[in-house]
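Accompanying notes for the structure given below.
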Amino acid sequence: MRIDAIILRELHLPLVRPFETSFGVTRDRRILLAEIRSEGLTGWGECTAGERPFFSAESTDSAWQVIVNELGPMLAAASVEHGGQCSRIFYKVRGNRMAKAALENAIWDLEAQREGVSLSHLIGGVRDVIPCGVSLGIQSSIPELMNAIEKELAAGYQRIKLKCKPGWDVEVLEKVRSRWPGIQLSCDANSAYKLRDADHLVAFDAFDLMMIEQPLWHDDFYYHSMLQKRLQTPICLDESIRNRRDALASIEMESCRIINIKLGRVGGFSEAIAVHNAAQERGIPVWCGGMLESGIGRSHNIALSTLENFTLPGDVSASARYWAEDIIEPAVTVTEAGEIVIPDTPGRGYEVKTELVERLTVRKETIKALELVG
Ligand code: OSB
Ligand code: MG
């Protein structure tokens with residue numbers, strides 16, 4: 001495909017409510033969108049880097065620089081037909097996976113449109129609907145959390161994930177589990193604990209959790225494998241899994257029994273599919289994580305979640321949980337059964353509200369294709 005232009009934008013989008021994790025509070029998102037124009041079609045990608053480099057080393061600003069200075073010009077100069085070729089085009093740039101994913105995923109979107117198929121179909125998805133869960137941030141009180149859970153369960157969500165940290169864990173889990181003995185419940189520590197907290201973490205086994213997500217260091221497999229030996233509750237790795245090799249290492253070392261796949265964290269669809277396949281071949285279930293995405297990143301997550309081994313509910317939930325007005329049309333909604341129905345129109349299946357995007361844009365740069373010879 002001929003790349004006519006790559007347009008990078010930063011949008012400011014306030015969350016409908018603050019989201020608190022063990023590493024901080026997010027109120028307003030600075031969202032980077034990559035729009036790639038090719039032969040009359042437009043593909044969209046979203047960079048899932050956070051505002052600050054706290055979840056991973058990348059941030060909105062670092063990704064902007066890397067896309068404008070390195071990845072954008074590389075892609076514009078390359079001849080690319082498939083999203084799967086992007087990792088080769090970007091091979092000289094180390095890391096910066098969220099920046100890479102923004103561009104690669106836009107190429108997959110373009111490819112699906114060009115082939116006249118849904119993105120889900122293009123990647124080999126097998127589901128018409130996907131099961132959905134919610135991730136609930138740390139709240140200012142337990143009663144507030146109870147109200148939030150009540151609301152999400154009433155909306156149909158199939159699994160509740162609670163963000164936790166020392167001081168917001170055992171008591172919270174105990175209260176939630178005793179009020180809702182039968183729900184699918186999990187927690188996510190975002191690396192808030194150390195191996196010396198193992199005795200404390202063993203106490204989580206009393207709450208019949210589906211999993212405890214990333215309890216230890218963001219880049220660790222070894223200590224997680226030592227911890228997993230002591231826990232009945234399955235460990236799920238998020239931050240630690242950057243690629244297929246990490247998935248293989250963590251499975252081999254028994255550092256986890258479940259893997260969270262995030263498109264940005266692994267660098268885009270190709271690597272996400274590779275992680276999915278590696279896990280599937282070894283009997284490890286996966287689910288799709290979220291990074292407080294706008295509708296564009298969300299629509300990519302929805303497509304990814306249709307792969308066969310995404311058997312557990314993901315952190316893929318309705319637009320209205322995040323935004324007063326999403327930048328896609330229709331907004332993402334969840335049925336009473338806690339499912340998202342997969343669109344079957346070409347590409348991502350949700351239109352971009354281009355006027356709204358333009359209005360919310362605070363920074364914009366066009367990376368033009370280099371002159372082609374002949
Ligand atoms: O660890 O899964 C995480 C949000 C920001 C950074 C990291 C995480 C999260 C979430 C929210 O849990 C998932 C979502 O609803 O988008
Ligand atoms: Mg997580």
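May I ask you to verify whether residue 160 is on the phi < 0 side of the Ramachandran plot, within 16 Å of ligand 2 (Cβ to nearest atom), touching a helix residue (DSSP H, G or I) at 6+ places or on another chain (Cβ under 9 Å) and assigned to a strand (DSSP E or B)? Walk me through it before giving the result.
Numbers: on the phi < 0 side of the Ramachandran plot: yes; within 16 Å of ligand 2 (Cβ to nearest atom): yes; touching a helix residue (DSSP H, G or I) at 6+ places or on another chain (Cβ under 9 Å): yes; assigned to a strand (DSSP E or B): yes.
Taking the combined requirement at face value, the residue satisfies it.
Considering only residues that are in a loop (DSSP other than H, G, I, E, B) and within 13 Å of ligand 2 (Cβ to nearest atom), look in region 198-216 and name the one that is nearest to residue 314 (Cα to Cα).
Filtering region 198-216 for residues in a loop (DSSP other than H, G, I, E, B) gives 208-211, 214-216.
Narrowing the set further to residues that are within 13 Å of ligand 2 (Cβ to nearest atom) leaves 211, 214-216.
Details: 211: 13, 214: 15, 215: 18, 216: 21 Å.
So, considering only residues that are in a loop (DSSP other than H, G, I, E, B) and within 13 Å of ligand 2 (Cβ to nearest atom), the one nearest to residue 314 (Cα to Cα) is 211.
If a residue has to be assigned to a helix (DSSP H, G or I) and either β-branched (Val, Ile, Thr) or under 21 Å from the mean Cα position of the chain (by Cα) (or both) to count, how many in region 112-157 make the cut? Spell out the reasoning first.
Keep residues of region 112-157 that are assigned to a helix (DSSP H, G or I), which gives 112-115, 119-123, 142-154.
Among the residues that remain, those that are also either β-branched (Val, Ile, Thr) or under 21 Å from the mean Cα position of the chain (by Cα) (or both) are: 112, 119-123, 142, 149, 152.
Total meeting the criteria: 9.
Give me the residue from region 48-71 that is of a type in the set (A, V, I, L, M) and more than 16 Å from ligand 1 (Cβ to nearest atom) and, out of that set, surrounded by the fewest Cβ atoms within 10 Å (Cβ to Cβ). Show your work before the answer.
Filtering region 48-71 down to residues of a type in the set (A, V, I, L, M) leaves 49, 57, 63, 66-68, 71.
Adding the requirement that they be more than 16 Å from ligand 1 (Cβ to nearest atom) leaves 66-68, 71.
Details: 66: 22, 67: 27, 68: 16, 71: 25.
Top of the filtered list is 68.
Return a yes/no flag: does region 34-47 have any residue that is open to solvent by 20 Å² or more (accessible area, probe 1.4 Å) and on the phi > 0 side of the Ramachandran plot.
Yes: one or more hits.
Residue check: is residue 320 assigned to a helix (DSSP H, G or I), surrounded by fewer than 22 Cβ atoms within 10 Å (Cβ to Cβ) and within 16 Å of ligand 1 (Cβ to nearest atom)? Give the steps one after another, and end with the answer.
Numbers: assigned to a helix (DSSP H, G or I): yes; surrounded by fewer than 22 Cβ atoms within 10 Å (Cβ to Cβ): yes; within 16 Å of ligand 1 (Cβ to nearest atom): yes.
When the stated conditions are applied, residue 320 passes them.
Do you know which of the residues in region 323-340 that are part of a loop (DSSP other than H, G, I, E, B) and among the hydrophobic types (A, V, I, L, M, F, W, C) is farthest from residue 265 (Cα to Cα)? Steps first, answer last, please.
The initial filter retains those residues of region 323-340 that are part of a loop (DSSP other than H, G, I, E, B), namely 323-327, 330-338.
Pick out the ones that are also among the hydrophobic types (A, V, I, L, M, F, W, C) and you get 323-324, 327, 331-332, 334, 337.
Working: 323: 22, 324: 26, 327: 22, 331: 24, 332: 22, 334: 25, 337: 29 Å.
Within region 323-340, the match that is farthest from residue 265 (Cα to Cα) is 337.
Looking at region 167-197, which of its residues are free of Cβ contacts under 8 Å to residues at least 60 places away in the same chain, touching a Cys at 6+ places or on another chain (Cβ under 8 Å) and part of a loop (DSSP other than H, G, I, E, B)? Talk me through it step by step, then tell me what you get.
Within region 167-197, the first condition is being free of Cβ contacts under 8 Å to residues at least 60 places away in the same chain, and the residues that meet it are 167-183, 185-187, 193-197.
Subset that is touching a Cys at 6+ places or on another chain (Cβ under 8 Å): 169, 172-173, 186-187.
169, the sole residue that qualifies.
Within the set of pairs 6+ apart or on separate chains, which have a first residue in region 198-210 that is in contact (Cβ under 8 Å) with a residue 40 or more places away in the chain, a second that is open to solvent by 50 Å² or more (accessible area, probe 1.4 Å) and of a type in the set (S, T, N, Q), and C-beta atoms under 9 Å apart?
Note: pairs meeting the criteria are 210/184.
How about region 312-323: which of its residues are over 13 Å from residue 261 (Cβ atoms), within 16 Å of ligand 2 (Cβ to nearest atom) and out of contact with any helix residue (DSSP H, G or I) (no Cβ under 9 Å at 6 or more places or on another chain)?
313
Inspect region 294-311 for any residue being more than 17 Å from residue 29 (Cα to Cα), within 16 Å of ligand 2 (Cβ to nearest atom) and not hydrophobic (A, V, I, L, M, F, W, C) and give the result as yes or no.
To start, the set of residues in region 294-311 that are more than 17 Å from residue 29 (Cα to Cα) comprises 299-311.
Remaining after also requiring within 16 Å of ligand 2 (Cβ to nearest atom): 301, 304-305, 310.
So of that shortlist, the ones also not hydrophobic (A, V, I, L, M, F, W, C) come out as 301, 305.
Looking for residues that are more than 17 Å from residue 29 (Cα to Cα), within 16 Å of ligand 2 (Cβ to nearest atom) and not hydrophobic (A, V, I, L, M, F, W, C), one finds at least one in region 294-311, hence yes.
The values are calculated or read from the model by the stated rules, or taken from the named source; none is laboratory data. Treat the numbers as computed from the prediction; the structure is a model and nothing was measured. Note that each Cβ is placed from the backbone with ideal geometry, even for glycine, and that neighbours are counted across all protein chains shown. Remember, those area values only see protein heavy atoms, side chains included, never the ligands or the DNA or RNA. Shrake-Rupley method; radii C 1.70, N 1.55, O 1.52, S 1.80 Å.
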